[in-house]
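S.K.: Before anything else, here's the structure in question.
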Amino acid sequence: MGFQTEFNSVCKFKSEQELYELLEYGRGKMKKSGLRIFPTGQKVIAYTPDNTAVAIVKIVASIAEINFQGEEVTEVEMELVRKLTDEESRIQTALAFEMFFGEQTV
């Protein structure tokens, strides 16, 4: 058991449904496997499952626990600050591929 620190400006969704709820309702949460630390109170860039930057969100809560099935999970609650413009999304996506996600295939 150990905590994994998330980079403080990236919030990558693995579920389209979780991302949809955030963008549609302005608040949402995502569940991650493992015990992780997210920067509560900070604004971060949210990415789709295919690594496209879509929004700026504020992390409002990060809860790491071992559930009843014995799995280590972290739930992250967030608020939508705003969606990115097409140009902002393109630039942030390109930077994220260079810095975090690896080479981008076009």
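Read-outs: derived from the displayed coordinates by stated rules, not from any lab. Source: prediction; values computed, not measured. No Cβ is skipped: glycine too gets one built from the backbone with ideal geometry, and neighbour counts run over all protein chains shown.
S.K.: List the residues, sorted by chain then number, that are 5 or more residues from VAL60 or on another chain and whose placed amide H is less than 5 Å from its amide H.
M.R.: Answer set, sorted by chain and number: GLY41, GLU77, MET78, GLU79.
S.K.: Just to be sure I understand the model, the point goes 7 Å from the Cα along the line to the Cβ. What's the resulting LEU95 to GLN42 distance in nm?
M.R.: Distance between label points: 1.4 nm.
S.K.: Would any residue of segment 14-34 have its amide N under 20 Å from a label point 7 Å out along Cα→Cβ of GLN69? List them or say none.
M.R.: 14-19, 29-34
S.K.: Let me ask something additional. Using a simple charge model, +1 on the beta-carbon of Lys and Arg, -1 on the beta-carbon of Asp and Glu, nothing else, what dipole does the chain show about its Cα centre, in debye to the nearest 20?
M.R.: With only Lys, Arg, Asp and Glu charged at Cβ, the dipole is about 240 debye.
S.K.: Run the helix sum for the chain: -39,500 (n - 2.57) per DSSP H stretch of 4+ residues, divided by residue count, reported at 222 nm to the nearest 500 deg cm²/dmol.
M.R.: One gets -6000 deg cm²/dmol as the mean residue ellipticity at 222 nm.
S.K.: Turning to a different aspect of this structure: Could you calculate the FRET efficiency of THR85 with LEU35 from 1/(1 + (r/R0)^6), where r is the beta carbon distance between them and R0 is 41 Å, rounded to 0.05?
M.R.: Computed FRET efficiency for THR85 and LEU35 comes out at 0.70.
S.K.: Suppose each label sits 7 Å from its Cα in the direction of the beta carbon; what would the ALA61-GLU16 distance come out to in nanometres?
M.R.: Distance between the two pseudo-spin positions: 2.8 nm.
S.K.: Give the angle, between 0 and 90 degrees and rounded to the nearest 10, that separates the Cα long axis of helix 16-25 from the longest principal axis of the Cα atoms of the chain.
M.R.: Its long axis makes an angle of about 80 degrees.
S.K.: Enter the angle in degrees (range 0 to 90, nearest 10) between the Cα long axis of helix 86-96 and the first principal axis of the Cα atoms of the chain, meaning the one along which they spread out most.
M.R.: Helix 86-96 sits at roughly 60 degrees to that axis.
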